[in-house]
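S.K.: First, the structure itself, so that you have it in front of you.
The values are calculated or read from the model by the stated rules, or taken from the named source; none is laboratory data. Keep in mind that what you see is a predicted model, and the values were worked out from it rather than measured. With ideal geometry, Cβ positions are generated from the backbone for all residues, glycine too; neighbour counts draw on all protein chains shown.
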Amino acid sequence: MNRKSAINALFAAGFGLSLGLVVSAGSVAHAQSAAAPTAETSAAVTEAPDALIGRFSNEALDIVKSDKAIQAGDLNKVIALVDAKVMPHVNFQRMTAGAVGRGWRDATPAQRSKLQEEFKILLVRTYSGALAQVKDQTVVVRPLRGPAESEVLVRTEVRGRGDPLQLDYRMEKTDKGWKIYDFNVLGIWIVQTYQTQFAAEVNKGGIDGLIARLVELNKAAAAKK
């Protein structure tokens, strides 16, 4: 695997695992809050942030390795994986707000919900194809630097063939456990990656313009399938 493919694969794993990978987003959050708590979600409330990342990352990797449809980029399967294994552990509203920037404050609740929906689809479509690169990788969590207080940086390495690849998470402590709100692949933070692009769209057409652009990108990607 060359370095560009490795980075794409890691973003895919990072998003697919962490978004895989990166979450309490829109209707998903409402559905989860209405559902009865599972043993896994109950344990996550008291689980340390580094232990949480190590557990669910490797669980999700195992699912990807054993599911040929996910490796082939089956969008429905990837979204199901993200919703089941990732969304409970990510504050996707904060992630989306960070990517949108100042325009988020002026967005209506309906616009915010739509932004989260389309942003999640964009990320899944962008990186799901690279899940085919997931073969023999494992995630190793590095020791925390200092005590875990209200926010923490969890550093990990994805190990397999070739050099280890850096994948780090910014996490916040909530009354429902630790939540991811940004992640970093080889020094590139996912929120910052989209800030400039989204700001340009907001400046041109406001929040509705950004939503329209996300919808357009997602439809174009779907048409290529």
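S.K.: Which one is nearest to residue 205 (Cα to Cα) among residues in segment 80-102 that are in contact with a Ser or Thr (Cβ under 8 Å, 6 or more places away or on another chain) and not in a helix (DSSP H, G or I)?
M.R.: Checking each candidate, the answer is 91.
S.K.: Output the number of residues of segment 144-203 satisfying the condition of being under 14 Å from the mean Cα position of the chain (by Cα), within 18 Å of residue 54 (Cα to Cα) and among the β-branched types (Val, Ile, Thr).
M.R.: 2
S.K.: Could you tell me whether any residue of segment 80-88 is over 19 Å from residue 209 (Cα atoms), surrounded by fewer than 16 Cβ atoms within 10 Å (Cβ to Cβ) and touching a Lys or Arg at 6+ places or on another chain (Cβ under 6 Å)?
M.R.: Scanning segment 80-88, I find no residue that is over 19 Å from residue 209 (Cα atoms), surrounded by fewer than 16 Cβ atoms within 10 Å (Cβ to Cβ) and touching a Lys or Arg at 6+ places or on another chain (Cβ under 6 Å), so the answer is no.
S.K.: From the list 157, 151, 117, which one is of a type in the set (Asp, Glu) and farther than 26 Å from residue 67 by Cβ?
M.R.: Every option except 151 fails the conditions.
S.K.: Residues to consider are 162, 146, 177; find the one that is crowded, with 16+ Cβ neighbours inside 10 Å, at pLDDT below 95 and at positive phi.
M.R.: One residue alone meets the criteria, 177.
S.K.: Still on this structure, I have one more. Looking at 145, 155, which is the one that is more than 30 Å from residue 223 (Cα to Cα), part of a strand (DSSP E or B) and not aliphatic (A, V, I, L, M)?
M.R.: Checking each option against the conditions leaves just 155.
S.K.: So, residue 105, is that one over 24 Å from residue 222 (Cα atoms) and part of a helix (DSSP H, G or I) or not?
M.R.: The answer is yes for residue 105.
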